1. Taking strands (runs of 3 or more DSSP E) that do not extend beyond region A:1-76, which have at least 1 residues that are out of contact with any helix residue (DSSP H, G or I) (no Cβ under 7 Å at 6 or more places or on another chain) and within 14 Å of another protein chain (Cβ to nearest Cβ)?
2. Of all residues in region B:191-222, which are over 17 Å from residue B:181 (Cβ atoms) and surrounded by 14 or more Cβ atoms within 10 Å (Cβ to Cβ)?
3. Can you tell me which residue within region A:1-45, out of those that are under 23 Å from residue A:77 (Cβ atoms) and near ligand 1 (Cβ under 10 Å from one of its atoms), is surrounded by the fewest Cβ atoms within 10 Å (Cβ to Cβ)?
4. Could you tell me which residue of region B:68-85 is nearest to the other protein chains (Cβ to nearest Cβ), considering only residues that are surrounded by fewer than 22 Cβ atoms within 10 Å (Cβ to Cβ) and assigned to a helix (DSSP H, G or I)?
5. Any residue in region A:211-221 that is assigned to a helix (DSSP H, G or I) and either away from ligand 1 (no atom under 16 Å from the Cβ) or in contact with a strand residue (DSSP E or B) (Cβ under 9 Å, 6 or more places away or on another chain) (or both)?
6. If you go through region A:87-108 one residue at a time, do you hit one that is within 16 Å of ligand 1 (Cβ to nearest atom), in a loop (DSSP other than H, G, I, E, B) and in the same structural domain as residue A:180 (by TED's automatic domain parsing)?
7. Specify which of the listed residues (A:208, A:196, A:160, A:191) is within 14 Å of chain B (Cβ to nearest Cβ), within 16 Å of ligand 2 (Cβ to nearest atom) and touching a helix residue (DSSP H, G or I) at 6+ places or on another chain (Cβ under 8 Å).
Ligand SMILES: Nc1ncnc2c1ncn2[C@@H]1O[C@H](COP(=O)(O)OP(=O)(O)O)[C@@H](O)[C@H]1O
Ligand SMILES: [Mg+2]
């Protein structure tokens with residue numbers, strides 16, 4: 001569906017036109033029918049990558065193959081839906097006027113267009129505001145109408161830049177359901193986010209982007225496998241005694257709420273427990289830290305500092 | 001072509017929902033009406049003043065609308081990032097430029113026609129009251145010349161929108177307004193500039209003036225307001241050539257805008 005290879009983008013900035021490299025060889029590919037998450041902290045280059053894919057910005061190097069097209073023919077856009085980051089729309093238009101305009105640019109008209117608008121407006125829960133000018137919309141409402149306009153042409157490939165931003169938890173849930181619904185219809189979705197919790201529950205595969213480079217790609221499961229699970233052990237008893245016993249193990253110790261807390265990796269779990277048994281301390285609780293990409297994210301980010 | 005019409009429609013919609021436009025139109029109507037008051041205090045000049053001031057008001061307001069709305073035509077879409085929506089749809093860049101142009105041109109057409117109707121009713125009212133006097137002083141009513149002056153005026157607006165559109169596609173509104181007004185001023189006086197250069201007989205400035213005369217549209221051609229007041233010969237040939245001149249210039253300006261916009265990055 002989409003193949004990005006060694007994409008490089010330089011921007012000229014400032015008065016003297018000094019070049020800054022924003023994308024330093026981004027490579028990833030999105031397979032047909034999957035939900036692909038493009039994740040990275042703010043400023044990593046997600047939006048810039050999307051702008052290159054859609055031909056808004058000219059790439060400085062590398063190749064992009066979008067549905068078999070390598071030089072971004074205009075016609076291909078009739079098969080694509082795009083939600084820009086922080087969508088701003090014509091604030092003098094009402095929600096339905098915007099959708100109608102966007103639909104017309106796709107060459108859809110008449111009853112087909114009106115029907116499609118009705119369906120989409122109710123799908124994103126915006127039917128009540130269809131005759132309200134966009135200047136009176138909240139950020140979340142703009143996001144919803146933005147998603148509706150991205151789907152107006154029933155696109156095969158849907159590119160969403162930060163689709164969950166500005167939404168409350170219920171809104172995020174709804175948008176996730178909507179994305180899954182599109183996937184169930186056989187559509188391909190590429191979405192970006194700086195929030196891992198968004199992609200974790202949604203994406204088949206993700207690429208982790210850091211400072212203009214893809215540092216990891218894979219399924220959520222694959223990425224999670226790379227992360228060591230931490231355990232937290234809460235103890236009651238004498239600190240000195242315990243320190244003595246776990247001295248040779250790589251364990252972090254800290255005091256929290258009157259308890260002594262030990263943090264350690266999965267692979268030494270048995271040895272830590274054994275050591276504790278020998279001490280005089282009482283185990284209050286032992287639990288695994290929640291598995292998440294967050295850790296990987298932070299780890300990669302600190303590597304890139 | 002449908003996409004061009006959609007863009008034009010939206011440009012028109014934006015214009016008529018813009019407060020700037022309303023204030024300018026209200027200002028224009030006030031100016032036209034005030035010509036009546038000035039006229040009543042100036043005796044037998046009555047008719048001349050209504051026509052003269054009225055046509056000048058249409059000219060000034062039309063030019064201001066062309067420049068002030070023209071400057072934002074493309075700039076605003078880039079600045080407010082609406083281009084990301086537009087160009088994620090299958091529309092070519094030149095179609096967009098053409099649509100933006102036609103949208104504003106249509107807006108101005110309606111405004112010009114509206115102002116012309118108001119002014120004409122006023123002129124009709126004054127001329128019929130002093131019919132004998134008018135015919136004696138001005139040798140007739142010159143209604144045909146009046147409408148011809150309005151028509152030429154609209155042709156001038158078409159060129160000014162084209163100029164504003166070019167600047168709008170690569171520079172900020174302030175510079176756009178500045179450059180557009182500058183070109184407009186040179187264009188209005190380009191005939192004079194050429195005469196002036198001939199006077200001073202300096203070869204360098206003569207060449208310079210010739211270039212300006214050739215490149216910058218000679219907007220003086222579109223001013224036939226004195227014929228509308230005093231009568232004069234406006235041949236079919238003149239109308240044809242002036243129309244052709246405006247069309248060719250406008251096309252050149254449009255093509256230039258399209259070329260500039262084609263390579264534009266939206267970053
Ligand atoms: N037009 C531009 N000119 C110069 N630098 C830019 C431009 N657009 C983005 N950048 C820089 O590129 C980097 C990546 O930006 P962006 O792609 O928006 O990141 P993300 O979407 O991942 O948050 C940022 O450091 C940003 O400052
Ligand atoms: Mg971004």
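The values are calculated or read from the model by the stated rules, or taken from the named source; none is laboratory data. Since the model is a prediction, treat every value here as computed from it, not as a measurement. Here Cβ is always computed from backbone atoms with ideal geometry, including for glycine, and neighbour counts include all displayed protein chains.
1. Per the criteria, A:2-13, A:18-30.
2. Selection gives B:191, B:194, B:197, B:205, B:206, B:209, B:210, B:213, B:221.
3. Only one residue tops the list, namely A:9.
4. B:83
5. Here is the first cut: in region A:211-221, the residues assigned to a helix (DSSP H, G or I) are A:220-221.
Now narrow it down to the ones that are either away from ligand 1 (no atom under 16 Å from the Cβ) or in contact with a strand residue (DSSP E or B) (Cβ under 9 Å, 6 or more places away or on another chain) (or both): A:220-221.
Looking through region A:211-221, at least one residue is assigned to a helix (DSSP H, G or I) and either away from ligand 1 (no atom under 16 Å from the Cβ) or in contact with a strand residue (DSSP E or B) (Cβ under 9 Å, 6 or more places away or on another chain) (or both).
6. So far as region A:87-108 goes, yes, one or more of its residues are within 16 Å of ligand 1 (Cβ to nearest atom), in a loop (DSSP other than H, G, I, E, B) and in the same structural domain as residue A:180 (by TED's automatic domain parsing).
7. Numbers: A:208 fails: within 14 Å of chain B (Cβ to nearest Cβ); A:196 fails: within 14 Å of chain B (Cβ to nearest Cβ); A:191 fails: within 14 Å of chain B (Cβ to nearest Cβ).
So the residue among A:208, A:196, A:160, A:191 that is within 14 Å of chain B (Cβ to nearest Cβ), within 16 Å of ligand 2 (Cβ to nearest atom) and touching a helix residue (DSSP H, G or I) at 6+ places or on another chain (Cβ under 8 Å) is A:160.
Yes/no matrix, rows are residues, columns are (1) touching a residue at least 40 places away in the same chain (Cβ under 8 Å); (2) under 16 Å from residue A:160 (Cβ atoms); (3) not assigned by TED's automatic domain parsing to the domain that holds residue A:218:
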residue	(1), (2), (3)
A:7	yes, no, no
A:19	no, no, no
A:32	yes, no, no
A:49	yes, yes, no
A:58	no, no, no
A:63	yes, no, no
A:70	no, no, no
